[in-house]
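Enquirer: So that we are looking at the same thing, I have put the structure below in structure tokens.
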Ligand code: SF4
């Protein structure tokens, strides 16, 4: 199977290679993945064991049915290897790759697949920034990821090769078969095609998350301010000030940014909460953040904001890709590697 398309406007595909989660802060209160899991948690259904239906009559806002079990979906591991067309791919957007229940080995394998797909851009997002930092800064991942690459070269690579069944297709959208068989593929560390992001929803969470993010090696670091639950002043944090070169795509030299000696936040995505039980954000929070981004030259993407008035056609009170002071803010870094 190839990767799913997605409605998340700044992504083209999603790779939900893990299943299950648990709450880890106020931003999880109205988890949309949980509402989806609730529909498929019955016996022999996808979410059996990872989601327990909550008692009835609690309303959407009180749904909290994750069991805390998180599993790696082995049958989805090779999906990026089967997707030839370059895309921006969200990784584990209905779970959390750095969840405490997921063993290090599972994370290693996900990174090994990403290493084998240099034509793809993988957009990672986590609320477990401490575990993310620990995983990246311990000694083992680099060694383990290299070993997993060799494993995939021998197994998954050959499977893809056999299914295509023709020499004409010996380049299947990721690394060349010959290269991975000879174990010559290793794009460098941190992987240049992985954008590492954290979700922070207010000032205290931003201060903590950004601290970990900036100390974690990454080709590109980004921050998701969604759901926005309080104003954030990020002027104390070194968000990038290297200039906006084109719009809406902004050129970024990923290798230059990969330096651990000059860590910056390179991209900010903002949005209010949507769905039942939503907690409204103030548009002034977005306006202030937009101004900080413009000042620092950081790409800013405003995914959604509050509608000021109720309208029958928009009962959710949310406007997708809204105008803010006369224009949309849909900036995305374009990384040249
Ligand atoms: S981390 Fe994400 S998927 Fe997990 S409970 Fe929180 S909002 Fe839901």
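The values are calculated or read from the model by the stated rules, or taken from the named source; none is laboratory data. Every value quoted in this text rests on a predicted model; they were computed, and no experiment measured them. For neighbour counting, all protein chains shown are included, and Cβ atoms are generated from backbone atoms with ideal geometry for every residue, glycine included.
Enquirer: If we scan segment 14-31, do we find a residue that is modelled with pLDDT under 95, farther than 27 Å from residue 304 by Cβ and either surrounded by fewer than 21 Cβ atoms within 10 Å (Cβ to Cβ) or within 11 Å of the ligand (Cβ to nearest atom) (or both)?
Expert: no
Enquirer: Can you find a residue that is at pLDDT 85 or above, away from the ligand (no atom under 11 Å from the Cβ), loosely packed, with under 13 Cβ neighbours inside 10 Å and not in a loop (DSSP other than H, G, I, E, B) anywhere in segment 33-42?
Expert: No: zero hits.
Okay, residues lined up against (1) modelled with pLDDT under 95; (2) in a helix (DSSP H, G or I):
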site: 44; (1), (2): yes, no
site: 54; (1), (2): yes, no
site: 80; (1), (2): yes, yes
site: 86; (1), (2): yes, no
site: 112; (1), (2): yes, yes
site: 117; (1), (2): yes, no
site: 131; (1), (2): no, yes
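Enquirer: In segment 61-85, what count of residues is obtained for those that are within 14 Å of the ligand (Cβ to nearest atom) and touching a helix residue (DSSP H, G or I) at 6+ places or on another chain (Cβ under 8 Å)?
Expert: Counting residues in segment 61-85 that are within 14 Å of the ligand (Cβ to nearest atom) and touching a helix residue (DSSP H, G or I) at 6+ places or on another chain (Cβ under 8 Å) gives 4.
Enquirer: Restricted to segment 86-110, and to residues that are over 23 Å from residue 23 (Cα atoms) and over 13 Å from the mean Cα position of the chain (by Cα), which residue is farthest from the ligand (Cβ to nearest atom)?
Expert: Among those that are over 23 Å from residue 23 (Cα atoms) and over 13 Å from the mean Cα position of the chain (by Cα), it is 86.
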